[in-house]
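Below: the structure, in C-alpha coordinates.
The values are calculated or read from the model by the stated rules, or taken from the named source; none is laboratory data. This one's a predicted model, so the numbers in the text were calculated from it and none came from an experiment. Note that each Cβ is placed from the backbone with ideal geometry, even for glycine, and that neighbours are counted across all protein chains shown. Each accessible area value is taken on the protein alone, full model and side chains, heavy atoms only, with ligands, DNA and RNA left out. Shrake-Rupley method; radii C 1.70, N 1.55, O 1.52, S 1.80 Å.
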Amino acid sequence: MRENEGMSGNNRVTRGWLWGLLGILLLSGVSVLSWKAWRNLQELQRENAALSARADESAEAARLAAEVAARASAHAEDAARQAGEAEASKASALNEKEQAEQARLQAEMAANEAGARASRAQGEMQRMQQEREEELNRMQQLLNRIVETRRTSSGLVMNLSDKALHFEFDRASLSAPSRELLSRVAGILLASGGYGLAIHGHTDDVGDQNYNIKLSERRAEAVKKYLVEAGMEPGVISVKGFGQTSPLAKGTSDTARARNRRVEIVLTDIKIKFEREVR
(Lines give C-alpha, C1' and ligand atoms only; values in the text may rest on other atoms or scores of the structure.)
Protein backbone atom coordinates (compact mmCIF):
# COMPACT_ATOMS: atom_id res chain seq x y z
CA MET A 1 0.00 0.00 0.00
CA ARG A 2 2.73 2.39 0.95
CA GLU A 3 4.55 1.57 -2.26
CA ASN A 4 1.43 2.36 -4.19
CA GLU A 5 0.97 5.54 -2.21
CA GLY A 6 4.55 6.37 -2.82
CA MET A 7 4.21 5.73 -6.49
CA SER A 8 0.98 7.73 -6.57
CA GLY A 9 2.72 10.62 -4.89
CA ASN A 10 5.55 10.45 -7.37
CA ASN A 11 3.10 10.44 -10.17
CA ARG A 12 1.45 13.50 -8.79
CA VAL A 13 4.76 15.23 -8.47
CA THR A 14 5.67 14.20 -11.99
CA ARG A 15 2.36 15.41 -13.33
CA GLY A 16 2.88 18.66 -11.44
CA TRP A 17 6.23 19.13 -13.07
CA LEU A 18 4.78 18.25 -16.37
CA TRP A 19 1.96 20.68 -15.97
CA GLY A 20 4.39 23.33 -14.84
CA LEU A 21 6.69 22.63 -17.74
CA LEU A 22 3.72 22.67 -20.00
CA GLY A 23 2.67 25.98 -18.52
CA ILE A 24 6.17 27.34 -19.01
CA LEU A 25 6.13 26.14 -22.56
CA LEU A 26 2.74 27.63 -23.07
CA LEU A 27 3.86 30.91 -21.59
CA SER A 28 6.95 30.82 -23.71
CA GLY A 29 4.90 30.12 -26.81
CA VAL A 30 2.50 32.91 -25.95
CA SER A 31 5.40 35.27 -25.37
CA VAL A 32 6.99 34.33 -28.65
CA LEU A 33 3.68 34.76 -30.43
CA SER A 34 3.08 38.08 -28.69
CA TRP A 35 6.54 39.35 -29.71
CA LYS A 36 6.02 38.26 -33.29
CA ALA A 37 2.65 39.87 -33.29
CA TRP A 38 4.19 43.07 -31.92
CA ARG A 39 6.90 42.90 -34.54
CA ASN A 40 4.31 42.37 -37.22
CA LEU A 41 2.30 45.28 -35.88
CA GLN A 42 5.36 47.50 -35.87
CA GLU A 43 6.12 46.47 -39.41
CA LEU A 44 2.56 47.12 -40.44
CA GLN A 45 2.67 50.54 -38.83
CA ARG A 46 5.90 51.37 -40.63
CA GLU A 47 4.41 50.16 -43.90
CA ASN A 48 1.27 52.17 -43.24
CA ALA A 49 3.36 55.24 -42.47
CA ALA A 50 5.38 54.73 -45.65
CA LEU A 51 2.21 54.20 -47.66
CA SER A 52 0.67 57.27 -46.08
CA ALA A 53 3.77 59.32 -46.91
CA ARG A 54 3.73 58.02 -50.48
CA ALA A 55 0.03 58.77 -50.64
CA ASP A 56 0.71 62.34 -49.45
CA GLU A 57 3.51 62.66 -51.97
CA SER A 58 1.25 61.32 -54.68
CA ALA A 59 -1.50 63.73 -53.64
CA GLU A 60 0.96 66.67 -53.70
CA ALA A 61 2.28 65.51 -57.04
CA ALA A 62 -1.28 65.24 -58.28
CA ARG A 63 -2.04 68.76 -56.99
CA LEU A 64 1.08 70.16 -58.65
CA ALA A 65 0.22 68.29 -61.83
CA ALA A 66 -3.28 69.74 -61.67
CA GLU A 67 -1.86 73.26 -61.27
CA VAL A 68 0.52 72.68 -64.17
CA ALA A 69 -2.35 71.31 -66.22
CA ALA A 70 -4.49 74.35 -65.31
CA ARG A 71 -1.69 76.74 -66.26
CA ALA A 72 -1.10 74.80 -69.45
CA SER A 73 -4.80 74.95 -70.21
CA ALA A 74 -4.83 78.71 -69.55
CA HIS A 75 -1.77 79.15 -71.76
CA ALA A 76 -3.41 77.05 -74.43
CA GLU A 77 -6.58 79.15 -74.24
CA ASP A 78 -4.54 82.36 -74.34
CA ALA A 79 -2.51 81.01 -77.25
CA ALA A 80 -5.72 80.04 -79.03
CA ARG A 81 -7.16 83.52 -78.39
CA GLN A 82 -3.99 85.17 -79.63
CA ALA A 83 -3.97 82.88 -82.64
CA GLY A 84 -7.58 83.87 -83.34
CA GLU A 85 -6.74 87.54 -82.98
CA ALA A 86 -3.68 87.09 -85.19
CA GLU A 87 -5.80 85.34 -87.79
CA ALA A 88 -8.39 88.13 -87.60
CA SER A 89 -5.61 90.73 -87.89
CA LYS A 90 -4.15 88.85 -90.82
CA ALA A 91 -7.55 88.73 -92.51
CA SER A 92 -8.06 92.44 -91.80
CA ALA A 93 -4.59 93.24 -93.13
CA LEU A 94 -5.25 91.22 -96.27
CA ASN A 95 -8.56 93.02 -96.72
CA GLU A 96 -6.92 96.40 -96.24
CA LYS A 97 -4.18 95.41 -98.67
CA GLU A 98 -6.78 94.38 -101.23
CA GLN A 99 -8.67 97.64 -100.73
CA ALA A 100 -5.44 99.61 -101.01
CA GLU A 101 -4.56 97.76 -104.20
CA GLN A 102 -8.01 98.48 -105.62
CA ALA A 103 -7.67 102.13 -104.61
CA ARG A 104 -4.24 102.24 -106.25
CA LEU A 105 -5.60 100.73 -109.44
CA GLN A 106 -8.53 103.15 -109.43
CA ALA A 107 -6.18 106.07 -108.77
CA GLU A 108 -3.90 104.88 -111.55
CA MET A 109 -6.84 104.57 -113.92
CA ALA A 110 -8.07 108.01 -112.88
CA ALA A 111 -4.58 109.45 -113.36
CA ASN A 112 -4.30 107.85 -116.79
CA GLU A 113 -7.74 109.12 -117.72
CA ALA A 114 -6.90 112.58 -116.39
CA GLY A 115 -3.63 112.52 -118.33
CA ALA A 116 -5.49 111.51 -121.46
CA ARG A 117 -8.06 114.28 -120.90
CA ALA A 118 -5.29 116.78 -120.24
CA SER A 119 -3.51 115.66 -123.40
CA ARG A 120 -6.72 115.98 -125.40
CA ALA A 121 -7.44 119.35 -123.80
CA GLN A 122 -3.92 120.54 -124.55
CA GLY A 123 -4.26 119.37 -128.13
CA GLU A 124 -7.63 121.08 -128.38
CA MET A 125 -6.19 124.24 -126.84
CA GLN A 126 -3.31 124.22 -129.29
CA ARG A 127 -5.74 123.72 -132.15
CA MET A 128 -7.92 126.58 -130.92
CA GLN A 129 -4.89 128.80 -130.39
CA GLN A 130 -3.73 128.09 -133.92
CA GLU A 131 -7.18 128.80 -135.30
CA ARG A 132 -7.53 132.00 -133.27
CA GLU A 133 -3.99 133.03 -134.22
CA GLU A 134 -4.83 132.59 -137.88
CA GLU A 135 -8.08 134.47 -137.40
CA LEU A 136 -6.34 137.33 -135.59
CA ASN A 137 -3.80 137.54 -138.40
CA ARG A 138 -6.62 137.66 -140.92
CA MET A 139 -8.47 140.32 -138.91
CA GLN A 140 -5.30 142.38 -138.52
CA GLN A 141 -4.76 142.29 -142.28
CA LEU A 142 -8.34 143.37 -142.92
CA LEU A 143 -8.32 146.09 -140.26
CA ASN A 144 -4.97 147.45 -141.43
CA ARG A 145 -6.66 148.26 -144.75
CA ILE A 146 -8.96 150.59 -142.84
CA VAL A 147 -7.05 151.84 -139.81
CA GLU A 148 -3.63 151.45 -138.21
CA THR A 149 -3.72 148.17 -136.23
CA ARG A 150 -0.94 146.65 -134.15
CA ARG A 151 -0.56 143.45 -132.14
CA THR A 152 0.17 143.56 -128.40
CA SER A 153 0.12 141.07 -125.55
CA SER A 154 -3.48 142.16 -124.90
CA GLY A 155 -4.62 141.59 -128.48
CA LEU A 156 -5.24 143.86 -131.47
CA VAL A 157 -5.13 147.61 -130.92
CA MET A 158 -6.79 149.86 -133.53
CA ASN A 159 -5.45 153.41 -133.42
CA LEU A 160 -8.21 155.75 -134.58
CA SER A 161 -6.19 158.96 -134.69
CA ASP A 162 -7.58 162.41 -135.36
CA LYS A 163 -7.07 161.85 -139.10
CA ALA A 164 -8.97 158.54 -139.10
CA LEU A 165 -11.64 159.39 -136.53
CA HIS A 166 -12.16 163.15 -136.58
CA PHE A 167 -13.93 165.06 -133.82
CA GLU A 168 -14.71 168.77 -133.93
CA PHE A 169 -12.86 170.86 -131.39
CA ASP A 170 -14.26 170.28 -127.89
CA ARG A 171 -16.93 168.00 -129.35
CA ALA A 172 -17.73 164.27 -128.94
CA SER A 173 -20.07 163.88 -131.92
CA LEU A 174 -18.98 161.69 -134.83
CA SER A 175 -18.56 163.08 -138.29
CA ALA A 176 -19.99 161.30 -141.34
CA PRO A 177 -16.55 159.96 -142.44
CA SER A 178 -15.96 158.72 -138.88
CA ARG A 179 -19.29 156.85 -138.87
CA GLU A 180 -18.45 155.28 -142.23
CA LEU A 181 -15.07 154.16 -140.87
CA LEU A 182 -16.67 152.61 -137.77
CA SER A 183 -19.22 150.83 -139.96
CA ARG A 184 -16.42 149.13 -141.88
CA VAL A 185 -14.68 148.19 -138.58
CA ALA A 186 -17.94 146.81 -137.16
CA GLY A 187 -18.46 144.71 -140.29
CA ILE A 188 -15.11 143.00 -139.78
CA LEU A 189 -15.70 142.50 -136.03
CA LEU A 190 -19.21 141.09 -136.54
CA ALA A 191 -17.84 138.47 -138.93
CA SER A 192 -15.90 136.94 -136.06
CA GLY A 193 -16.88 135.98 -132.52
CA GLY A 194 -15.37 135.42 -129.10
CA TYR A 195 -13.86 138.88 -128.74
CA GLY A 196 -14.25 141.71 -126.29
CA LEU A 197 -13.71 145.39 -127.01
CA ALA A 198 -12.20 148.05 -124.77
CA ILE A 199 -12.61 151.59 -126.15
CA HIS A 200 -10.07 154.08 -124.79
CA GLY A 201 -10.41 157.82 -125.37
CA HIS A 202 -7.36 160.14 -125.44
CA THR A 203 -6.75 163.89 -125.90
CA ASP A 204 -3.75 166.14 -126.44
CA ASP A 205 -2.16 168.25 -123.71
CA VAL A 206 -4.14 171.39 -124.41
CA GLY A 207 -6.61 172.32 -121.69
CA ASP A 208 -7.40 171.18 -118.15
CA GLN A 209 -6.55 167.57 -117.34
CA ASN A 210 -9.84 166.74 -115.59
CA TYR A 211 -11.79 168.28 -118.43
CA ASN A 212 -9.80 166.34 -121.01
CA ILE A 213 -10.51 163.05 -119.18
CA LYS A 214 -14.25 163.73 -119.32
CA LEU A 215 -13.96 164.77 -122.99
CA SER A 216 -12.09 161.54 -123.83
CA GLU A 217 -14.78 159.50 -122.04
CA ARG A 218 -17.55 161.19 -124.06
CA ARG A 219 -15.73 160.49 -127.32
CA ALA A 220 -15.19 156.82 -126.33
CA GLU A 221 -18.89 156.54 -125.40
CA ALA A 222 -19.83 157.97 -128.81
CA VAL A 223 -17.78 155.21 -130.51
CA LYS A 224 -19.39 152.52 -128.35
CA LYS A 225 -22.88 153.83 -129.08
CA TYR A 226 -22.29 153.68 -132.81
CA LEU A 227 -20.84 150.17 -132.70
CA VAL A 228 -23.83 148.95 -130.66
CA GLU A 229 -26.17 150.55 -133.20
CA ALA A 230 -24.19 148.68 -135.88
CA GLY A 231 -25.09 145.38 -134.25
CA MET A 232 -22.39 144.64 -131.66
CA GLU A 233 -23.30 143.35 -128.21
CA PRO A 234 -23.03 146.14 -125.60
CA GLY A 235 -22.03 143.64 -122.90
CA VAL A 236 -18.67 142.92 -124.59
CA ILE A 237 -17.71 146.61 -124.88
CA SER A 238 -16.09 148.64 -122.09
CA VAL A 239 -15.23 152.34 -122.11
CA LYS A 240 -12.54 154.39 -120.38
CA GLY A 241 -11.18 157.93 -120.80
CA PHE A 242 -7.48 158.65 -120.27
CA GLY A 243 -7.46 162.33 -121.26
CA GLN A 244 -3.90 163.53 -121.85
CA THR A 245 -2.27 160.98 -119.48
CA SER A 246 -1.22 158.42 -122.16
CA PRO A 247 0.23 160.27 -125.13
CA LEU A 248 1.16 158.23 -128.18
CA ALA A 249 3.64 160.86 -129.48
CA LYS A 250 5.92 163.05 -127.38
CA GLY A 251 6.15 166.83 -127.82
CA THR A 252 3.79 169.76 -128.26
CA SER A 253 3.92 170.10 -132.02
CA ASP A 254 0.74 170.07 -134.07
CA THR A 255 1.71 166.69 -135.49
CA ALA A 256 2.30 165.17 -132.04
CA ARG A 257 -0.92 166.62 -130.66
CA ALA A 258 -2.88 165.33 -133.67
CA ARG A 259 -1.58 161.79 -133.03
CA ASN A 260 -2.48 162.03 -129.34
CA ARG A 261 -6.07 163.13 -130.08
CA ARG A 262 -7.30 159.62 -130.71
CA VAL A 263 -9.57 156.73 -129.80
CA GLU A 264 -8.09 153.22 -129.45
CA ILE A 265 -10.16 150.07 -129.79
CA VAL A 266 -8.49 147.12 -128.05
CA LEU A 267 -9.76 143.78 -129.29
CA THR A 268 -9.15 140.97 -126.76
CA ASP A 269 -9.80 137.28 -127.23
CA ILE A 270 -12.24 136.14 -124.52
CA LYS A 271 -11.84 132.48 -125.48
CA ILE A 272 -8.06 132.27 -125.46
CA LYS A 273 -5.73 134.88 -123.98
CA PHE A 274 -2.52 135.24 -125.91
CA GLU A 275 0.22 135.96 -123.42
CA ARG A 276 3.09 136.52 -125.78
CA GLU A 277 3.50 139.67 -127.80
CA VAL A 278 3.71 139.16 -131.54
CA ARG A 279 6.19 141.48 -133.18
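Once you order the gyration tensor axes a ≥ b ≥ c over the Cα atoms, which shape class does segment 69-124 get: rounded for a/c under 1.5, otherwise prolate or oblate by comparing a/b with b/c? It comes out prolate by the Cα gyration axes.
For segment 127-216, the fraction of 1.4 Å probe accessible surface lying on carbon and sulfur atoms is 48 percent. Packing, as the average of other Cβ atoms within 10 Å across residues, places the peptides 189-200, 44-55 in the order 189-200, 44-55, highest first. The value of relative contact order for segment 160-279, using C-alpha pairs under 8 Å at least six residues apart, is 37 percent. Need one word for segment 173-271: rounded, prolate or oblate. Basis is the Cα gyration tensor (sqrt eigenvalues a ≥ b ≥ c); a/c below 1.5 gives rounded, then a/b vs b/c decides. Prolate, because a/c is 1.5 or more and a/b exceeds b/c. Taking every protein chain into account, the accessible area of segment 59-105 amounts to 79 square angstrom per residue (probe 1.4 Å).
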